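Student: The structure under discussion is supplied below as structure tokens; questions concerning it will follow.
The values are calculated or read from the model by the stated rules, or taken from the named source; none is laboratory data. As the structure is a prediction and not an experimental result, all values here were calculated from the model. Cβ coordinates were reconstructed from backbone atoms using ideal geometry, including for glycine residues, and neighbour counts include every protein chain displayed.
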């Protein structure tokens with residue numbers, strides 16, 4: 001009996017259970033993956049009192065997000081710089097219509113984006129909204145689950161940068177669930 005109780009305590013203390021071997025931004029497992037190494041990540045301060053542990057490889061940046069005073073991951077996701085388009089004349093990029101016209105002249109290279117997203121197990125992508133400075137893209141992973149990510153465009157120096165962002169926050173308990181109602 002004492003051995004059984006000891007095993008239960010050890011299992012609970014170590015968090016034993018199924019665990020990803022690699023970063024997966026889409027699942028509801030809010031723990032570091034089993035091959036996680038702090039040395040591979042940079043700490044970046046986020047807004048609203050949270051921290052992001054980020055790992056950048058080429059143009060793909062994956063992250064875990066957590067509050068310092070709480071010992072749990074509250075979100076995870078990734079950002080991907082799709083492209084940087086040189087801007088010859090910024091005077092023509094003041095309105096959303098002008099920005100959309102500029103972006104229409106430079107279509108997103110979907111096969112190149114898809115290739116970069118293989119690192120997070122995405123096998124298919126499809127633009128979901130009209131071309132503008134803010135768009136949505138459908139992502140289909142290797143399990144055929146469908147997700148929606150955002151594509152934002154912004155000007156940095158003399159370039160229009162398009163960045164794909166996916167954020168997956170930890171599901172919150174409903175207050176009624178905690179009260180047993």
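Student: What are the residues in region 124-148 that are within 24 Å of residue 97 (Cβ to Cβ) and in contact (Cβ under 8 Å) with a residue 12 or more places away in the chain, if any?
Tutor: Of everything in region 124-148, those that are within 24 Å of residue 97 (Cβ to Cβ) and in contact (Cβ under 8 Å) with a residue 12 or more places away in the chain turn out to be 127, 128, 130, 131, 132, 133, 134, 135, 136, 137.
Student: So residue 123 passes all but one of these: (1) in the same structural domain as residue 32 (by TED's automatic domain parsing); (2) more than 26 Å from residue 51 (Cα to Cα). Which condition number does it fail?
Tutor: Failed condition: (1).
Student: Another question, then. Given the condition touching a helix residue (DSSP H, G or I) at 6+ places or on another chain (Cβ under 6 Å), surrounded by fewer than 17 Cβ atoms within 10 Å (Cβ to Cβ) and either at pLDDT 95 or above or in a helix (DSSP H, G or I) (or both), answer yes or no: does some residue in region 97-110 qualify?
Tutor: Scanning region 97-110 turns up at least one residue that is touching a helix residue (DSSP H, G or I) at 6+ places or on another chain (Cβ under 6 Å), surrounded by fewer than 17 Cβ atoms within 10 Å (Cβ to Cβ) and either at pLDDT 95 or above or in a helix (DSSP H, G or I) (or both).
Student: Now, a different point. Among the residues of region 95-112, are any without any contact (Cβ under 8 Å) to a residue 12 or more places away in the chain and within 30 Å of residue 171 (Cα to Cα)?
Tutor: The answer is no, given that none of the residues of region 95-112 is without any contact (Cβ under 8 Å) to a residue 12 or more places away in the chain and within 30 Å of residue 171 (Cα to Cα).
Student: In region 144-155, is there at least one residue being in a loop (DSSP other than H, G, I, E, B), out of contact with any helix residue (DSSP H, G or I) (no Cβ under 9 Å at 6 or more places or on another chain), assigned by TED's automatic domain parsing to the domain that holds residue 93 and surrounded by 15 or more Cβ atoms within 10 Å (Cβ to Cβ)? Walk me through it before giving the result.
Tutor: To start, the set of residues in region 144-155 that are in a loop (DSSP other than H, G, I, E, B) comprises 144-145.
If we keep only those that are out of contact with any helix residue (DSSP H, G or I) (no Cβ under 9 Å at 6 or more places or on another chain) too, we end up with 144-145.
Keeping just the survivors that are assigned by TED's automatic domain parsing to the domain that holds residue 93 gives 144-145.
Remaining after also requiring surrounded by 15 or more Cβ atoms within 10 Å (Cβ to Cβ): none.
No, every residue in region 144-155 fails to be in a loop (DSSP other than H, G, I, E, B), out of contact with any helix residue (DSSP H, G or I) (no Cβ under 9 Å at 6 or more places or on another chain), assigned by TED's automatic domain parsing to the domain that holds residue 93 and surrounded by 15 or more Cβ atoms within 10 Å (Cβ to Cβ).
Student: Just to check your reading of the model, which residue among 141, 91 is modelled with pLDDT of 85 or more and either outside the structural domain of residue 160 (by TED's automatic domain parsing) or under 23 Å from residue 156 (Cα atoms) (or both)?
Tutor: The match here is 91.
Student: May I ask you to list the residues in region 128-143 that are in a loop (DSSP other than H, G, I, E, B), under 21 Å from residue 105 (Cβ atoms) and in contact with a strand residue (DSSP E or B) (Cβ under 9 Å, 6 or more places away or on another chain)? Before you say what the answer is, go through the steps one by one.
Tutor: Step one: list which residues in region 128-143 are in a loop (DSSP other than H, G, I, E, B), which gives 128-133, 142-143.
Among the residues that remain, those that are also under 21 Å from residue 105 (Cβ atoms) are: 128-133.
Selection gives 128, 129, 132, 133.
Student: Okay, next question. Consider region 66-82. How many of its residues are buried (at least 17 other Cβ atoms within 10 Å of the Cβ) and either within 26 Å of residue 155 (Cα to Cα) or touching a helix residue (DSSP H, G or I) at 6+ places or on another chain (Cβ under 7 Å) (or both)?
Tutor: Qualifying residue count for the region: 6.
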